[in-house]
Amino acid sequence: MSRLSDSRAKAVRRDSAGSGDPRRPDDYVDSATPPPSGPDDTITQPRLGPIGWLRWFWRQLTSMRTALFLLLLLAVAAIPGSLVPQRTSDPNGVAQYKVDNPDLFPVLDGLQVFDTYSSVWFSSIYLLLFVSLIGCVLPRTRHHLQALRSAPPRTPARLARMAGFTTRTLDGRPADDATVAHAVESARAMLRKGGYRVVTFPESVSAERGYLRETGNLVFHSALVGILVTVGIGGGFGYSGQRVIVEGQSFVNTLSAYDSFNPGRFVDENRLAQYRVKLDELSVTYEEENQNAIGQPTDYTASVTTDGGAAGVASETAVKVNEPLRIAGTDIYLLGNGYAPTITVRDPAGEVVFTDSVPFLPQDPNLTSLGVIKVPDGLAQQVGMVGFFYPTQETSEHEEGDFSSFPDLRNPVLSLNVFVGDLGLDQGVPRSVYELNTDDLTQLSGRNTDTPGIRLAPGETQELPDGLGTVSLDDVPRFASFDIHHDPTQGWVLLFAVCVLAGLLTSLFIPRRRVWMKAVRDADGGLRLEYAGLARGDDPMLESAVKDFADRHRTALAEADDASAPSSERI
Amino acid sequence: MDTATLDAASLLFLLGATGAYAMSFVSFALDLARRSADATTADASARASRVLAGSSAAGATAQRRAGVATLERSGGDGSGGGTVDRPRSPISLRVGLALAVLGFALHLVATILRGIAAARVPWANMYEFSMTGTLVIMGVFLGVLVVRDLKFLGTFVTGLVIILLGIATVGFRVDVVPLPPALQSYWLVIHVFVAILATAFFALGFALSLVQLLQYRREAAAVAGLDPRAGRLSFLRSLPGSEQLENLAYRLNIIGFILWTFTLMAGAIWAERAWGRYWGWDTKEVWTFIIWVIYAGYIHARATRGWRGSRSAWLAIIGFSAVLFNFGVVNVFFKGLHAYSGL
Ligand code: HEM
């Protein structure tokens, strides 16, 4: 298409924009041609009343320019949150940032940069965007519903100005009413079959197709609102929590069983879905052959027995990474693992004062793990122990001492440093089970003292210093850490997401176009058939579609001619 | 054959492919130089027609039209890429294309060998992602050539692919290691491959938008009556007009956008399966979102008064820059759950 005829066609389109046109904001364009210079909305109108100002403001807010501006602003505003750690996803990172940048931290924190995606400024941008979106989509929907029920507009007076204009002649046919009626009828039938909505006039046909394009666009934008609203409201009805379970132990889905728990606003914490999960075994496979990946885990499988849920009977299943367990409306994810050495402490008389499998936190890929044992009662003094567990212990020639050379249990060793004093457990201050505050404690053995630290292999027992008693390492089971989630709205989010995608596909790929056929009686008595089209939005195939239609129409008429050759008077 | 041997063979084929691409690049570049020369020869007649138009009674409008008409002529119908001025596909162009196809074949073998060596899809770390990504960019380019003559983008596409492959083999190369459990999912196949495909379409759209901006500048200069040779890039005169380039770029970019939308959604579904939440503003998620919003902005810009044309082209360029940034910088230097660069 040459540029000149293109711009002319566009100019005509603007004039002839009938009721079937999709409603667009004032500053919408679909061609490169600058619009005829007319009153622009940047020009201040004289003397606006309060209502007038409101109208003006609303029009600004729902204009294409504002939508574009807000979209770009949203993209820019999302950047800071990727540059500094976020409280929701990386709280430790935020704490570290505070230590590393003591001066900058309060400033950024004041700007809510560590909570970017719930910050006032980020929220205002997307809320404004969605207000604009709703303001844009509502009138368009109303308008589109009308358009769906109305007929295509009249055939333009001069088709020659429209896109893809082409003509065909019917040789040897009288340009009488019957021929014209026949051509009109055959064009109508053909376009109908092609999915067009058609109106016929005595000498012409006007057809339009692709209403789905606008429908798709509206579905797309509305589904975006759907996602936002569902996520906004849905967050209140879900909960998530974490729980570490040692092999052989069980978890019952009650508030007190969680290590940490984040309920939505509307969750009744006392009425969680009832079930019980027992971790029978966590088996881990490590790579042993590929020299480039020795010790890399290649599989985690947590074998569990569940009890409760809908069926109410115990059943055995497995939880794997990427394969959560769905039970009673919650999902259980396997997210972490480690060792939980079973440690027993006895007093000098041999009475057990402490026995438990204590989860040790992995510190490196070979699962060198750090853990804390607190024995507040039963011994002469309160005892705290900090220990490293090495699944495959080796000693380096250098200063560093012990390390683990493989994550599986090939040469397990537990080393413990013993402290005595006030563990601070009675002060009512919550203490992490993974930390030992040694400020008020006295170290009895291990590094920096005269007494060597305690080293234990499974099955071994050793004396605690100062005749406090004994400590033994009975066994080394694994632990698994699970995330438990309940989100009743995620199905809805998925549904809206599918609508977004479907809407996008229809609105970007279904062409909306008008096509006309017009019979013109020439001065010399012949009949000329004119064809033309009009693109509504991006439509690279328009011209070939018009040409194709013209050819097929012409052929159909010619064939009908042949078939009815003897009686060309046929109507 | 064992893993290491297969991987070594893969690397060999990849080096071969890079070599073929390098020669293809030179041929395509020679073709651009030829186009410049052709354009200069054609200059005399063009100037004559402008002078004629300028002296006609219609005055300024006619002059503008003549300018436009000249452009239209050289613009061809979008499938010719300047066939009017250059009736036969010149030898440098055909050699460039043949070498590109050869490079693609070697590249394909290299990628398949790597996949066999690793016994899985070859896109589980940065090295493999770059290898498959560039393969798909090349494949999409060659595929689009069947429908549209975009051979003039050959210099750009081979150039980009060579640079990326160079970075990949020098900077990202890692030996085959087994998949960590977090990546053992069919979503790795779907999500990552669609992301690669989207990237390929964005890359071509980006190239077209760049050419569109250059072309627009040249056209504006021509309409203003300046000497079109003023710009050094006279090969532009044998390329489609800026509006046509814009439409082509738009079509490629919306395909990319739809694939990217799918990438984002598939990623969310996978995140839900693996981590228990479908969206957590993880660094990689943030950048996927940013890219999506930029391209949504681009699509909007094309329908906003004052933004169609050059400004929206800039958005497409920014969008693809964000894609490259997401791949090259976010993967390597940013901290997050998506720690799979393999480095
Ligand atoms: C969350 C914010 C938004 C996003 C992500 C978004 C995204 C998109 C996308 C991807 C398209 C192209 C696909 C299609 O036609 O369906 C589009 C088209 C469109 N959008 Fe939006 N949009 C947003 C907000 C808005 C707002 C606030 C308005 C009103 C001012 C608006 C008006 C339009 C119009 C009129 C089109 C059709 C463009 C055309 O005909 O080419 N959008 N939008």
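The values are calculated or read from the model by the stated rules, or taken from the named source; none is laboratory data. None of the values given here were measured: they were computed from a predicted structure. Please note: Cβ atoms are built from the backbone with ideal geometry, for glycine as well, and neighbour counts cover all protein chains shown.
Residues in region B:271-284 that are at the interface with another protein chain (Cβ under 8 Å from one of its Cβ atoms) and of a type in the set (A, V, I, L, M): B:ALA274 only. Condition first: over 20 Å from A:GLY235 (Cβ atoms) and either polar (S, T, N, Q) or touching a Gly at 6+ places or on another chain (Cβ under 9 Å) (or both). Now tell me which residues in region B:260-289 satisfy that. Scanning region B:260-289 gives B:THR261, B:THR263, B:THR283, B:LYS284, B:THR288.
Is it true that some residue in region A:460-468 is within 30 Å of A:GLU281 (Cα to Cα), charged (D, E, K, R) and within 43 Å of the chain's Cα centre (by Cα)? No: zero hits.
Filter region B:285-315 for residues that are aromatic (Phe, Trp, Tyr) and more than 7 Å from every other protein chain (Cβ to nearest Cβ) and give the result.
So in region B:285-315, the residues aromatic (Phe, Trp, Tyr) come out as B:287, B:289, B:292, B:295, B:298, B:307, B:314.
Hits for region B:285-315 are B:TRP292, B:TYR295, B:TYR298, B:TRP314.
Can you say whether A:ILE125 is aliphatic (A, V, I, L, M), within 10 Å of the ligand (Cβ to nearest atom) and modelled with pLDDT of 90 or more, as far as the supplied structure shows? So A:ILE125 does not fit the description; no. For region A:96-117, the set of residues classified as surrounded by 13 or more Cβ atoms within 10 Å (Cβ to Cβ), away from the ligand (no atom under 16 Å from the Cβ) and in a helix (DSSP H, G or I) consists of A:TYR97, A:LYS98, A:LEU104, A:PHE105, A:LEU108, A:ASP109, A:VAL113, A:PHE114, A:ASP115, A:THR116, listed by residue number. Restricted to region A:243-293, the set of strands (runs of 3 or more DSSP E) holding at least 1 residues that are under 17 Å from A:ILE332 (Cβ atoms) and of a type in the set (Val, Ile, Thr) comprises A:250-252, A:275-286. Of all residues assigned to region B:326-340, none qualifies as being facing another protein chain (nearest Cβ under 9 Å), within 16 Å of the ligand (Cβ to nearest atom) and out of contact with any strand residue (DSSP E or B) (no Cβ under 8 Å at 6 or more places or on another chain). Residues in region B:284-311 that are of a type in the set (S, T, N, Q) and more than 14 Å from the ligand (Cβ to nearest atom): B:SER310 only.
Checking A:VAL84 against (1) more than 8 Å from every other protein chain (Cβ to nearest Cβ); (2) of a type in the set (A, V, I, L, M, F, W, C); (3) within 16 Å of the ligand (Cβ to nearest atom), only one condition comes out false. Which one? Tallying (1) more than 8 Å from every other protein chain (Cβ to nearest Cβ); (2) of a type in the set (A, V, I, L, M, F, W, C); (3) within 16 Å of the ligand (Cβ to nearest atom), A:VAL84 fails exactly one: (3). For region A:101-122, the set of residues classified as away from chain B (no Cβ under 13 Å) and not aliphatic (A, V, I, L, M) consists of A:ASN101, A:PRO102, A:ASP103, A:PHE105, A:PRO106, A:ASP109, A:GLY110, A:GLN112, A:TRP121, listed by residue number.
Given the residues A:ARG213, A:ARG271, which is the only one that is among the charged types (D, E, K, R), within 16 Å of the ligand (Cβ to nearest atom) and out of contact with any Leu (no Cβ under 6 Å at 6 or more places or on another chain)? Walk me through how you get there before you give the answer.
On the way: A:ARG271 fails: within 16 Å of the ligand (Cβ to nearest atom).
When all the criteria are applied, what remains is A:ARG213.
When you check B:ALA203 against the structure, is it free of Cβ contacts under 8 Å to residues at least 60 places away in the same chain, more than 16 Å from the ligand (Cβ to nearest atom), assigned to a helix (DSSP H, G or I) and buried (at least 19 other Cβ atoms within 10 Å of the Cβ), yes or no? In short, no.
Quick check on region A:299-348: of everything there that is under 30 Å from A:LEU464 (Cα atoms) and of a type in the set (D, E, K, R), which residue is farthest from the chain's Cα centre (by Cα)? Show your work before the answer.
Of the residues in region A:299-348, the ones under 30 Å from A:LEU464 (Cα atoms) are A:337-348.
Within this subset, residues satisfying the condition of being of a type in the set (D, E, K, R) are A:346-347.
Values: A:ARG346: 53, A:ASP347: 56 Å.
Among residues in region A:299-348 that are under 30 Å from A:LEU464 (Cα atoms) and of a type in the set (D, E, K, R), the one farthest from the chain's Cα centre (by Cα) is A:ASP347.
The condition (being under 23 Å from A:LEU73 (Cα atoms) and of a type in the set (Asp, Glu)) is satisfied by just one residue among B:GLU285, B:GLU246, B:GLU272: B:GLU285. In region A:131-164, of all residues being among the hydroxyl-bearing types (Ser, Thr, Tyr) and more than 36 Å from the chain's Cα centre (by Cα), the one that is nearest to the ligand (Cβ to nearest atom) corresponds to A:SER150.
Return a yes/no flag: does region B:125-133 have any residue that is in a loop (DSSP other than H, G, I, E, B) and over 24 Å from B:ALA249 (Cβ atoms). Steps first, please.
Step one: filter region B:125-133 for residues in a loop (DSSP other than H, G, I, E, B), giving B:125.
Those still in the list that are over 24 Å from B:ALA249 (Cβ atoms) too: B:125.
Within region B:125-133, one or more residues are in a loop (DSSP other than H, G, I, E, B) and over 24 Å from B:ALA249 (Cβ atoms).
Restricting attention to region A:66-98 and to residues that are among the β-branched types (Val, Ile, Thr), out of contact with any Leu (no Cβ under 9 Å at 6 or more places or on another chain) and modelled with pLDDT of 90 or more, the residue that is farthest from B:ARG302 (Cα to Cα) turns out to be A:ILE79. Residues in region A:47-68 that are more than 10 Å from the ligand (Cβ to nearest atom) and not in a helix (DSSP H, G or I): A:ARG47, A:LEU48, A:GLY49. The single residue among A:VAL219, A:VAL231, A:VAL225 that is surrounded by fewer than 16 Cβ atoms within 10 Å (Cβ to Cβ), within 16 Å of the ligand (Cβ to nearest atom) and touching a residue at least 40 places away in the same chain (Cβ under 8 Å) turns out to be A:VAL225. A:GLY235 meets all of the listed conditions (1) over 25 Å from the mean Cα position of the chain (by Cα); (2) at pLDDT below 85 but one, namely (1). Checking each residue in region A:69-80 for being in a helix (DSSP H, G or I) and not β-branched (Val, Ile, Thr) picks out A:PHE69, A:LEU70, A:LEU71, A:LEU72, A:LEU73, A:LEU74, A:ALA75, A:ALA77, A:PRO80. One residue stands out in region A:461-491 among those that are surrounded by fewer than 17 Cβ atoms within 10 Å (Cβ to Cβ) and outside any strand (DSSP E or B): the one that is nearest to the other protein chains (Cβ to nearest Cβ), namely A:GLY491. Restricting B:ALA249, B:ALA268 to residues that are of a type outside the set (Asp, Glu), more than 7 Å from every other protein chain (Cβ to nearest Cβ) and closer than 19 Å to A:TRP492 by Cβ narrows the list to B:ALA268. When A:ARG326 is tested against the conditions (1) in a strand (DSSP E or B); (2) in contact (Cβ under 8 Å) with a residue 24 or more places away in the chain; (3) within 14 Å of chain B (Cβ to nearest Cβ), the lone failure is (2).
Screening A:GLU247 with (1) within 22 Å of B:ARG277 (Cβ to Cβ); (2) crowded, with 18+ Cβ neighbours inside 10 Å gives one miss only, at (1).
Is there a residue being outside any loop (DSSP other than H, G, I, E, B), of a type outside the set (D, E, K, R), within 13 Å of the ligand (Cβ to nearest atom) and over 24 Å from A:SER119 (Cα atoms) anywhere in region B:265-283?
Taking region B:265-283 first, the residues outside any loop (DSSP other than H, G, I, E, B) are B:265-275, B:283.
Retained after the next criterion (residues that are of a type outside the set (D, E, K, R)): B:265-271, B:274-275, B:283.
The next check asks that each one be within 13 Å of the ligand (Cβ to nearest atom); those that pass are none.
No, region B:265-283 contains no residue that is outside any loop (DSSP other than H, G, I, E, B), of a type outside the set (D, E, K, R), within 13 Å of the ligand (Cβ to nearest atom) and over 24 Å from A:SER119 (Cα atoms).
When B:SER312 is tested against the conditions (1) surrounded by fewer than 19 Cβ atoms within 10 Å (Cβ to Cβ); (2) outside any loop (DSSP other than H, G, I, E, B), the lone failure is (1).
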